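Trainee: Handing you this structure, nothing more for now.
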Amino acid sequence: MFYDEVTKSYAYSDNAPATATPVQKKPTKPKQDPNQDYSDKDVRIFPPCSKTKANYNVVLTIFLYIIYGLADNLWSGTVFAAYLKLLDNDKNAGVGYVEASNGLAGLATAIPVGYLADKIGRSKVIRSGGFCLIFTVFVQIYIMQWVGVDEEELEKNPSKVDKSMRAFVAVMALWGISGGVVNGPVQALYADSTPAGKRSTYYQYQFTAYMLSSCLGPLVAIIMFQYLGDDWTLADLRIVIFTAMGLEIIAGVVMMFFDDRKALVEDDDATSGDKKANDCDQDVSRNSESSTDFDKFNKNAGEEMLRRRKKIPFILFGLGLIMSFGSGMTVKFFPLFFKDTVGLSPSNVQAIYLIVPFVMVLCSSLNDKIAKKIGRVQTCIVVKVGGLLGLYAIIFFKDWLNSRPFILVPIYIWRTGLSNSTYPLEESMLMDFVPKNQRGRWKSLESVSQFGWAGSAMLGGILSDANDGDYTFTFLITAILQTLGVVGMIFLIPLVPKDESEMTRSSSMASGTIREPLLNSSSEVSVGGGGDGDASDSPLQRLV
């Protein structure tokens, strides 16, 4: 069809004159069946080929981690550990017992929470976790108001101190349940909303957001301690904790707004170098053919990918269990080590934890670039070895370093930054090799590692008191266990491809079967389009 400038009219012709102006056809939208109900389908809030807007759940998760990270690092680390030790007459064991209750609660609820997240929907479980978090905040405020801040009166009333510590054991169990939801179903929904092959980059975004907010927590604490007098007192510590409780309420409210329907559908999530820009015009037809394409992929999938997919999640879980058992012995006692052994003020201790997140973010960004060249597993091993060298230096040169905090502190920051910067790479490996309909369970299964964390935290406090407050022995046990964990990562080298771009959602759900973690252990479930717990099922269908 053309517009003839001479005759001033439209006409059809195979041979258009030179004066003709082509008429551009408007692009047609893909037709949808008017009888089909699309309300229960998992859809993206933005088109799959949109490059300017992010997925709804991705943005919400990052915002949650900013608020949650700020609140968590304002009170739950240095401040609350110091509060408990002052309340319990400078004993470390009480700190260990409280931390143990947190981990054990996470362990007890990990499997039910993950199972429900996979069956009835992530967002429903996340919403329940938000209500639990807000309830826990008010319980903790009530307990701390009842305890009071008169240290002399508490010294004369050991029965009240004992009741207070028991109450904190209970409230920290509630924190363990809430934290399990944030680190389980929220993470699983985040994985569902990010494309395979680029997942480590998205976890880098999340990690960076959490770490930067973690810097703000100590910064706010420093400002408050400077205003309050920069001393370790129950009154000052309680004010800081109450401030953090307000932020925790905001985090709980944010958890109400997650939406399973805005996660990536399987076909949108599969990314490959062969994709063309005009895929946007073919979304509906491609969705109707996705099951056929997926079956074809399953038929052609090699045994190598199947073998990798089966082993990698279990290896990562085992290594995480070992690492957490080691870390639990020291993570809550390093602030007390700087407070009591090195003699630093509250502001100085908070300054350490203000710098650490920056180092972690910097190291994590470098890790992502290095991993593209040498592989994710190889990068994790090299970086963790560097962190272990710093920890061994703190152990074997303790007498010299403890009297020189200007050298000790940079070594600690180096060690902590390196050791904890590999999270995005490890998380992306786990999610690449776990089927979508099992991610909630696998993420919650990580809470089982809190059993090691809980037991080692309690043991760390007991050992510290047995050694007259000397934390060196607990540091040594941590170093040995983390060394074993790094050695175990060698087994992942032949299993995980060096080039992450090889991974797609389809490849991570290759043909065959995989055992569900601690669920249906005697049976195997098929992996692939459809079946129980598939993303296309409604919440009621998944529950049934």
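The values are calculated or read from the model by the stated rules, or taken from the named source; none is laboratory data. In this text the structure is predicted, and so the values were computed from the model without any measurement. Please note: Cβ atoms are built from the backbone with ideal geometry, for glycine as well, and neighbour counts cover all protein chains shown. Remember, those area values only see protein heavy atoms, side chains included, never the ligands or the DNA or RNA. Shrake-Rupley method; radii C 1.70, N 1.55, O 1.52, S 1.80 Å.
Trainee: List residues of segment 411-430, by number, whose backbone nitrogen lies under 16 Å from a label position 7 Å along Cα→C-beta of K311.
Mentor: The answer is 430, whose backbone nitrogens lie closer than 16 Å to the label point.
Trainee: At a Förster distance of 51 Å, what's the computed FRET efficiency of K373 paired with D150, Cβ-Cβ distance as r, to 0.05? Intermediate values should be presented prior to the final figure.
Mentor: Values: r = 59 Å, r/R0 = 1.16.
Calculated value: 0.30.
Trainee: Quick one: ranking D399, D231 by accessible area, 1.4 Å probe, largest first, what do you get? List each step's numbers first, then the result.
Mentor: Values: D399 120, D231 80 Å².
Correct descending sequence by accessible area is D399, D231.
Trainee: Here's a follow-up. V59 versus R404, label points 7 Å from Cα toward the beta carbon: distance in nm?
Mentor: 5.2 nm
Trainee: To the nearest 10 square angstrom, what accessible area does W414 show with a 1.4 Å probe?
Mentor: We get 140 Å² for W414.
Trainee: Could you give me D for segment 60-195, from Stokes-Einstein at 25 °C and 0.890 mPa s, where the hydrodynamic radius is the Kirkwood radius over C-alpha pairs? Units µm² s⁻¹, please.
Mentor: Approximately 152 µm²/s, per Stokes-Einstein.
Trainee: Still on this structure: Starting from the Cα-Cα distance between T243 and I120, subtract it from 0.36 nm times their residue separation and give me the gain in nm to one decimal.
Mentor: Details: separation 123, 0.36 × 123 = 44.28 nm, distance 3.47 nm.
Additional length available on full extension: 40.8 nm.
Trainee: Find how much the distance from Y227 to Y205 grows on full extension, using 0.36 nm per residue of separation minus their present alpha carbon separation; answer in nm with one decimal.
Mentor: Numbers: separation 22, 0.36 × 22 = 7.92 nm, distance 3.36 nm.
Here the answer is 4.6 nm.
Trainee: Take D162 and V139, extend 7 Å from each Cα along the Cα→Cβ direction, and tell me the distance between the two endpoints in nm.
Mentor: So the label points at D162 and V139 sit 2.3 nm apart.
Trainee: Now for a different question. Where does the charge balance sit around D368 when Lys and Arg score +1, Asp and Glu -1, over other residues with C-beta under 13 Å from its C-beta? Each step should come with its number before you reach the end.
Mentor: Values: positive: K198, R199, K369, K372, K373, R376; negative: E426, E427, E500.
Charge balance near D368 sits at +3.
Trainee: With a 1.4 Å probe and every protein chain left in place, work out the accessible area per residue of segment 105-175 in Å², rounded to a whole number.
Mentor: Details: 3410 Å² over 71 residues.
Ligands and nucleic acids excluded, the result is 48 Å² per residue.
Trainee: What distance in nm separates the simple spin-label points at V385 and I250, each placed 7 Å from Cα in the Cβ direction?
Mentor: Between V385 and I250, the label points sit 4.3 nm apart.
Trainee: Once you have all Cα-Cα distances for segment 312-374, histogram them in 10 Å bins from zero and send the whole-percent values.
Mentor: Values per bin, smallest distances first: 18, 27, 37, 16, 3.
Trainee: State the Kirkwood hydrodynamic radius of segment 164-243 in Å, one decimal place, computed from all pairs of distinct Cα atoms.
Mentor: On the way: mean 1/r = 0.0637 Å⁻¹.
Averaging 1/r across every pair of different Cα atoms and inverting gives 15.7 Å.
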